[in-house]
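The block underneath contains the structure these notes are about, expressed in C-alpha cells.
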Amino acid sequence: MSESPLLAAVGVSVRRGVRTVLDPIDIAVARGETLAVYGPNGAGKSTLLLALAGLLPLTSGTVSFAGRTLGRDLTLLDFHRRTAAVFQEPLLLRGTVAHNVGLGLKLRGVAPEERERRVRPWLERLRIGHLADRPASALSGGEAQRASLARALVLEPQALFLDEPFAALDAPTRTRLAEELADILSERQIATLFVTHDFAEAGDLASRCVVIDGGRVLQDAPFDDLVALPASRRVAEIIGEENIFEAVVREAHMQDLMLDWHGHGVRAKGTAATLPGTQVAFALRPDRLTLRPQSDEVSECTLAGEVVRIRRQGSGRLVTVKLDNLHAVRVLCFDEPRPLLGARVTISVPAHAVTIISARLDSRDNATDMTGQASGHACRQ
C-alpha cells in the first residue's frame, strides 16, 4: 500500500471466554479502497468487522484511523462520527423512511432543514425517493436495505463497515444494489470493509480480498491474484476451486514441471526449487477447460471420460466428467452442442487452466506453499 492506510489494525485479537475467536491479525484499508473479508461460516469475519468498527472490545492489538490510535489519541465517539456501519438486517425504527434515513443526523444535532437538504438526494440516489413518507415497516427487503445504506451514506463517512448487507436479498436485487453501491463508493472515495460469504459478490464490490478461516488470515491479495494464485490448498477450497488434485513431480527443468497424475502427464509451472518426487496439489480451472465429444483419435492435452452429471450455473452448464483414472473433473461449458449424460467426451486442457497450489517433499514434511500459473499441457499417456 503506497500511502498510509486510513484504517489499520495491528495484532488485533478477540477472545470470548476461553475461546480465541480471532488470532492476532494485521489488516489495512486505504482511502477509497473497498476490501472484502471472505470465508466460511464461523470463520471470524463479523467479529473482525465489529472489532475494527469499535463495536467489540479487543483482547489485544490496536486500531488506528487516519494515523490516530483508537482509545489513545482518538476517542470512540470521534471515531464513530467519522465512520458508519450497515448490517445484514436493516434495523429500521418506527416512523417514515425519511425519518429513519435522517436519524443519524438528528442524533448529531443537525437542524431539520439541513437534514431534509441532505436526506432527499440520498433517497433519490438509492431510488427510494418515492417512499420517503411511507412507514419503514412497510418496505420490502431490498427497499429496507436501500434505506439502511442511505442512513449510513448521508452521514458522509470516511470509512464504511458492511457486514453481509446483501445476504437476505434475492439474486437480482442483490446484483443491482451491489453495482449501485460500487459506483457510490468509488465516486465518494469511501474506505470500505466489506464482509461477505459470497465470493462472486466480493469480486463485484472489492478490489482486494482477505480470506479468513478459524480466526486467521490465510491470504490477503488483489482479487484477481487471489483467483489466479491461491496461497494454499485450503484457500483454493474456500474460494470454490472445483477441481483440486494431488500428483507427484516426475520431471523438473527449472520452473517447467511434468506431473504424474495417476497415469496422466500434466505439464505445469512451479518454482526452481521444486524437485522430482515432490508431491503437489494442483487445480484445473473449470472455465478454462474445453469439452468435446470423444473421437477415436486421442491426442495430447486431453483427458477422456464419461459425463455423469450436468447442472446449470449462471449462463452456462457445469458438467461433471468421470475420467478413466476414476477422478471427477468439472467443466464449465457455454458453447453448443450440449453434452449428454452418459456420453464419452474428452477434456482439452490449455496452458492457463492449471495452477500449482502447494507442494511438499513427502507426506511426512510440513507443507511448503508455492504458487504458479501453469504454462504447459495435460497430456494423456
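The values are calculated or read from the model by the stated rules, or taken from the named source; none is laboratory data. Remember, predicted model here, so these are calculated numbers, not experimental data. Backbone-built Cβ (ideal geometry, glycine too); neighbour counts: all protein chains shown. The accessibility values were calculated without ligands, DNA or RNA, using every heavy atom of the protein model including side chains. Shrake-Rupley method; radii C 1.70, N 1.55, O 1.52, S 1.80 Å.
Can you tell me the FRET efficiency between residue 16 and residue 55 if r is taken as the Cβ-Cβ distance and R0 is 22 Å, rounded to the nearest 0.05?
The value I calculate is 0.95.
Straightening the chain between residue 324 and residue 290 buys 10.5 nm, computed as 0.36 nm per residue apart minus the Cα-Cα spacing.
Rounded to the nearest 0.05, the FRET efficiency derived from the C-beta distance between residue 62 and residue 180 at R0 = 22 Å is 0.05. In the list [x] 24.9, 80; [y] 31.5, 108; [z] 21.8, 67, the label attached to Rg and Dmax of the Cα atoms in Å as derived from the coordinates here is [x]. Rounded to the nearest 0.05, what FRET efficiency do residue 4 and residue 138 give with R0 = 30 Å and r taken as the Cβ-Cβ distance? Could you check? Efficiency, from the Cβ-Cβ distance: 0.10. When only alpha carbons are used to place a centre, the range 23-41 and the range 190-245 end up 10 Å from one another. Full extension of the chain between residue 80 and residue 93 yields a length gain of 2.7 nm, computed as 0.36 nm times the residue separation minus the alpha carbon distance.
Rolling a 1.4 Å probe across the protein heavy atoms gives the range 1-114 an accessible surface of 50 Å² per residue.
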